[in-house]
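Working notes for the structure below.
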Amino acid sequence: METRISEIADGIYRFSTFVPDIAPPAGFTFNQFLVLGDEPLMFHTGLRKTFPLNRDAASRIIPLERLRWIAFGHFEADECGAMNEWLAVAPQAQAAHGQTGCLVSLNDFADRPPRELRDGETIDLGDGKRVRFIDTPHTPHGWDAGVLYEESTRTLLCGDLFTQLGNGAALTEGDVVGPAIAAEDLFKYSSLSPNMGTTIRDLAKLSPRMLALMHGPSFAGDGAAALRALADEYERRVSGCRLADKGKAA
Ligand SMILES: [Fe+2]
Ligand SMILES: [Fe+2]
């Protein structure tokens, strides 16, 4: 395995590790994003087992001891499995996550106390970069789920939203909704909760021009339209579940 490095937006680097054994023959990528600034931030830690690859990739961009923030979408091995490994190599680094995630997992799991982020709270990374934490409970999965929005580049670090298979280019302007629907059909990874459509539509209001997918390429283009199309799809699925339940009850 190797980790590819690409700068997908000004000062935002994507580290992409392709694992061909997951969902063959297409395979599957795990992506992390390093946002530069006076206080650099890593979004997703990567799996514990791929830490050496990601550590080496990050150290080609910044001295590791400069890393200040470690954030991620929700508590799961690929999102935060290597959190304590990063905390160990970056003595100034601190995990930052939503209140739910800190309460139920990080206050115990993280080797140093995390920073609790309220819904909508921002971290000023310096050098023009600012990230906003947005709570997205159960979307696409995880009670503690959230995303980060980097305001200067209008990049939505959208975690598992739009998950797709394959190992394409780092950046695409093509369709990211169809491949996400195909992956949802395969993995069934989303919690089809009644609020899911509304939660995704609210993200569309940010009008992102970059969607940084954890599993798939980064999308440059009309992020709001892609998010609304994804919301439509999940609303169809949720209402389909409701109709099926009504049919069973009848
Ligand atoms: Fe996940
Ligand atoms: Fe993930």
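The values are calculated or read from the model by the stated rules, or taken from the named source; none is laboratory data. All figures in this text were calculated on a predicted structure; none of them were measured in a lab. Counting neighbours? That spans all protein chains shown, and the Cβs are built from the backbone with ideal geometry, glycine included. These area figures cover heavy atoms from the full protein model, side chains too; ligands, DNA and RNA do not enter into them. Shrake-Rupley method; radii C 1.70, N 1.55, O 1.52, S 1.80 Å.
Quick look at the numbers
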item	result
Solvent exposure, largest accessible area first (probe 1.4 Å, DNA, RNA and ligands not counted), of 60, 14, 66	60, 66, 14
DSSP bridge orientation in the chain - percent antiparallel, rounded to nearest 5	70
Per residue value of the accessible surface for segment 115-250 (all protein chains in place, 1.4 Å probe), Å²	44
Loop-resident sites, segment 82-171, for trypsin sites (Lys or Arg not before Pro), counting at most 16 other Cβ within 10 Å (DSSP)	118, 154
Rounded tilt (10° steps) of 177-187 against the dominant C-alpha axis of the chain	80
Relative contact order (percent, whole number), the chain, Cα cutoff 8 Å, 6+ residue spacing	16
With every protein chain in place, the chain: carbon and sulfur % of accessible area (1.4 Å)	51
Projected label distance in nm at residue 62 and residue 243, using a 7 Å step from Cα toward the beta-carbon	4.9
Prolate/oblate/rounded call for segment 136-197, Cα gyration tensor, a/c under 1.5 rounded	oblate
Over the chain: helical MRE at 222 nm, DSSP H runs n ≥ 4 each giving -39500 (n - 2.57), nearest 500	-8000 deg cm²/dmol
Protein-only accessible surface order, largest first, of 232, 124, 160 at 1.4 Å	124, 232, 160
Stretchable slack from residue 198 to residue 167, in nm (0.36 nm times residue separation minus alpha-carbon distance)	8.1 nm
Listed residue pairs exceeding 29 Å between alpha carbons, taken from 129/188; 49/188; 188/248	129/188
Segment 17-121 shape via C-alpha gyration tensor axes, a/c threshold 1.5	oblate
Segment 55-178 - share of DSSP beta bridges that are antiparallel (%, nearest 5)	65
Neighbour-limited loop hits for trypsin sites (Lys or Arg not before Pro), segment 175-250 (at most 11 other Cβ within 10 Å; DSSP other than H, G, I, E, B)	188, 205
Rg/Rh (Cα only; Kirkwood hydrodynamic radius) as it applies to segment 97-250	1.00
Gain upon complete extension [residue 88, residue 205; 0.36 nm per residue less C-alpha separation]	38.4 nm
Separation in nanometres of the label points that stand 7 Å from Cα toward Cβ, at residue 189 and residue 143	2.2
DSSP loop GluC sites (Glu not before Pro) with at most 16 other Cβ within 10 Å: longest gap in the chain	3-120
Distance between modelled label sites at residue 1 and residue 130, nm, 7 Å Cα→Cβ extension	3.7
Under 9 Å, Cβ to Cβ, from residue 145 - net charge with Lys/Arg +1 and Asp/Glu -1	-3
